[in-house]
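*Asks:* Okay, handing you the structure first.
The values are calculated or read from the model by the stated rules, or taken from the named source; none is laboratory data. Computed from a predicted model, the values in this text were never measured in an experiment. Because the Cβ atoms are built from the backbone with ideal geometry, glycine has one as well, and the counts that use them run over all protein chains shown. Note: accessible area is taken over every heavy atom of the protein model, side chains too, but ligands, DNA and RNA are not part of it. Shrake-Rupley method; radii C 1.70, N 1.55, O 1.52, S 1.80 Å.
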Amino acid sequence: MKYRRDIDGLRALAVLPIVLYHAKFSTFSGGFVGVDIFFVISGFLITSIIVRQIEKQEFSLVGFYERRARRILPALIVVLLATMGAAAWLLMPDEYIDLGLSALAAVLFVPNIFYWASTGYFAIEAEATPLLHTWSLGLEEQFYLLYPILLVLLYKKFGKRHVMAILFSLAAVSFVLNVYLVSFKAAFTFYMLPTRAWQLLLGSLMAFEWVPPPETKLGRNLASGTGLLLIIGTIFLLDEAAVFPGVNALAPSLGAALIIYAGMRDEGGWVSRVLASPLPVAVGLISYSLYLWHWPVVVYVNMLEPPWFSGYLVLAMSLGLSVVSYFLVEQPFRKKRLAPSAAQMFVAAGVGGALVALFAVGIHLSNGLAFRLSDEVKNAAREENYLHDDRPCHFIKTATILNKEYCVFGAEDVTPQYAIIGDSHGDALRPALEKAAAVEGVSMIQLTNPGCEPLRGVFKPKARKCLEFIDAAIDAVLENPTIETVFLASYWKVPYHGHSYRHKNYVILDSESVRSTIKDNPMVFMRGLARTVDDLLAAGKRVVILGDPPDLGFNPRAAYARRLHLGLTLPPRFEVAADPGIGEILRQFAASHPSDGVRYVDLVDAVCPGGVCNPIRDNELLYRDGDHLSRHGAELLYGLILDVL
């Protein structure tokens, strides 16, 4: 196909917002949509090449995969090896093992599957995952593993017109699946091919000119201008809290398709001319290398927590590495100055992949190259050193509660008068409860389970485990006449707002829900909390709602250990991010009930005096991860618990 400079310019429009978004330039809050633009561009270019070769009877699968290998693998392998090499200086053992596994997944073209499988209640932290961005490459290569074969077979059997109809149907099914699943399978929808294929197929349909390109200057300007507005609008108006992909992914995808569509005649619209100018084209040419290098740079620079100009540093380093990578790695292979034959290219790719695999296996077998680190550093990074000693109590089953076989802690040989119901944040507060109970000579029962908020009648789409667990926990308390006071604890902001630094599109429902959207979370949350509290009050129980400490949003264990390893100062103090209001909402809820019936205990001031947090106190970490208190951090709160016992 004829080279289109505006397509390279469009690549620049895709990659720069991604880099600026990840470098924390807040104006580009929706910069992540650049990946969606890349998908459409890829579908258009690859399909254009395949169709042209089919029509000339020149298509070869070996030739196709050779071109993909030359385009994708050399720079990818260099980035994987460089990222794993630099990690020996910065990463802690657990982080290094995760990196090795993700590098192996990347070279096998399954990183999207790896990251989807790794998401869940304890999701991999993006800020410590230098190869997270490779998910999109894996998805594309999975698509192109089968797509050319399918296209050739369909083209020969049905002809061009019917192929367009089939591709349109497949795209429609994929889009509907994406919209349907995003509300309750957010990670799958984001990472996996069935819910992303429509974007690649949209580009493919552009290659078939399924809608004739505009012949007039006005039509081209209208199409390209609309496309640009759709892209820019999403870049500046969307943010991390947006439900994505879902319907929100349609605007940037259509925007890219419209710009491609407007430029399909010799003279494109004004947008095509701007994109075809030298600077956008230059950035577009290095866009693949820029995409590959930028995220490891972001992660490693952030780990060192440099001063305010870190975003500019990320941008400068990423651009510099990209230019070097483009001229010294990409071009020699693409121009066949290196590995000129197909056989040589495949051998080179195999050797490079084997090196990555050997490096990854070595990291795993050596426990993250743990010999690099002193015992002090390894102990600082080890999570179990920050947990209380009775963790199995947090993972009891619903059946166990029904059999009245739950855990009791506090004073020995004392009938329990208190109970704690909640999720892992409730379990994290157990050291405070246990210490206070021992001082007062009382005991408590623990009814907590990961991800189970104490909201009666509330459940997650297609998931009823926590609904059953919380019902059983509340019923166990209601049926136990010795229990006088019930503590409720949870990561409250997640079910209320539907997101946090490690949660996205966290939808909750109840029997009154008429739609599945995080917009309704606050109403569902309040109904569920009211059911819980009303049932407990009706049984004569007293309720204490324990608030949440502020989120750190990063792994403090690794940050602390990294500083010990590098000889840097301890983690600095930092201002508490403005809370979106869940603490005040819980306070008002408690205030709407008699004070002898419902109390709210705010933990923020105790953890962060004066609104400023320091992750370390008395030479001990207060947090074990980005939002759970450590054993030491929780024990500092026991005075607040004593006040309400």
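*Asks:* Out of everything in the stretch 41-60 that is part of a helix (DSSP H, G or I), in contact (Cβ under 8 Å) with a residue 40 or more places away in the chain and of a type outside the set (A, V, I, L, M), what residue ends up being surrounded by the most Cβ atoms within 10 Å (Cβ to Cβ)?
*Replies:* GLY43
*Asks:* Spot the failing condition for THR569; the list is (1) among the β-branched types (Val, Ile, Thr); (2) touching a residue at least 12 places away in the same chain (Cβ under 8 Å); (3) in contact with a helix residue (DSSP H, G or I) (Cβ under 9 Å, 6 or more places away or on another chain), and only one is missed.
*Replies:* (2)
*Asks:* Could you identify the single residue in VAL361, VAL414 that is open to solvent by 30 Å² or more (accessible area, probe 1.4 Å) and more than 27 Å from the chain's Cα centre (by Cα)?
*Replies:* VAL414
Yes/no per residue for (1) out of contact with any Gly (no Cβ under 8 Å at 6 or more places or on another chain); (2) over 13 Å from PHE409 (Cβ atoms); (3) in a strand (DSSP E or B); (4) free of Cβ contacts under 8 Å to residues at least 60 places away in the same chain:
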position: LYS435; (1), (2), (3), (4): yes, no, no, no
position: ALA438; (1), (2), (3), (4): no, no, no, yes
position: CYS452; (1), (2), (3), (4): no, yes, no, yes
position: ALA473; (1), (2), (3), (4): yes, yes, no, no
position: ALA476; (1), (2), (3), (4): yes, yes, no, no
position: THR482; (1), (2), (3), (4): yes, yes, no, no
position: TYR491; (1), (2), (3), (4): yes, yes, no, no
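*Asks:* Being over 20 Å from the mean Cα position of the chain (by Cα), surrounded by fewer than 21 Cβ atoms within 10 Å (Cβ to Cβ) and within 19 Å of ALA256 (Cβ to Cβ) is the requirement here; does LEU13 meet it?
*Replies:* The answer is no for LEU13.
*Asks:* Could you list, in sequence order, all residues of the stretch 447-465 that are within 17 Å of LYS493 (Cα to Cα) and hydrophobic (A, V, I, L, M, F, W, C)?
*Replies:* CYS452, LEU455, VAL458, PHE459
*Asks:* Would you mind finding the one in VAL329, VAL324, VAL283 that is open to solvent by 10 Å² or more (accessible area, probe 1.4 Å), β-branched (Val, Ile, Thr), within 27 Å of ILE37 (Cβ to Cβ) and free of Cβ contacts under 8 Å to residues at least 12 places away in the same chain?
*Replies:* VAL324
*Asks:* Residues of the stretch 584-615 being more than 22 Å from ASP535 (Cα to Cα) and surrounded by 15 or more Cβ atoms within 10 Å (Cβ to Cβ), which ones?
*Replies:* ASP602, LEU603, VAL604, ALA606, VAL607, CYS608, CYS613, PRO615
*Asks:* Go through the stretch 135-166 and report how many residues are among the β-branched types (Val, Ile, Thr) and within 21 Å of VAL40 (Cβ to Cβ).
*Replies:* Counting residues in the stretch 135-166 that are among the β-branched types (Val, Ile, Thr) and within 21 Å of VAL40 (Cβ to Cβ) gives 2.
*Asks:* Could you tell me whether the stretch 64-85 includes any residue that is of a type in the set (Gly, Ala, Ser) and closer than 22 Å to GLY368 by Cα?
*Replies:* Yes, the conditions are met somewhere in the stretch 64-85.
*Asks:* Mind checking which residues of the stretch 493-525 are in a helix (DSSP H, G or I), surrounded by fewer than 18 Cβ atoms within 10 Å (Cβ to Cβ) and not hydrophobic (A, V, I, L, M, F, W, C)?
*Replies:* LYS519, PRO522, listed by residue number.
*Asks:* Kindly indicate which of GLY426, GLY451, GLY353 is out of contact with any strand residue (DSSP E or B) (no Cβ under 6 Å at 6 or more places or on another chain), open to solvent by less than 20 Å² (accessible area, probe 1.4 Å) and closer than 30 Å to ALA473 by Cβ.
*Replies:* Being out of contact with any strand residue (DSSP E or B) (no Cβ under 6 Å at 6 or more places or on another chain), open to solvent by less than 20 Å² (accessible area, probe 1.4 Å) and closer than 30 Å to ALA473 by Cβ holds for just one of GLY426, GLY451, GLY353, which is GLY451.
*Asks:* Just checking, which of ASN367, ASN379 is within 32 Å of the chain's Cα centre (by Cα), part of a helix (DSSP H, G or I) and either surrounded by fewer than 18 Cβ atoms within 10 Å (Cβ to Cβ) or small (Gly, Ala, Ser) (or both)?
*Replies:* ASN379
*Asks:* Only one residue in GLY63, GLY100 is under 30 Å from the mean Cα position of the chain (by Cα) and either buried (at least 17 other Cβ atoms within 10 Å of the Cβ) or in a helix (DSSP H, G or I) (or both), so which one is that?
*Replies:* It is GLY100.
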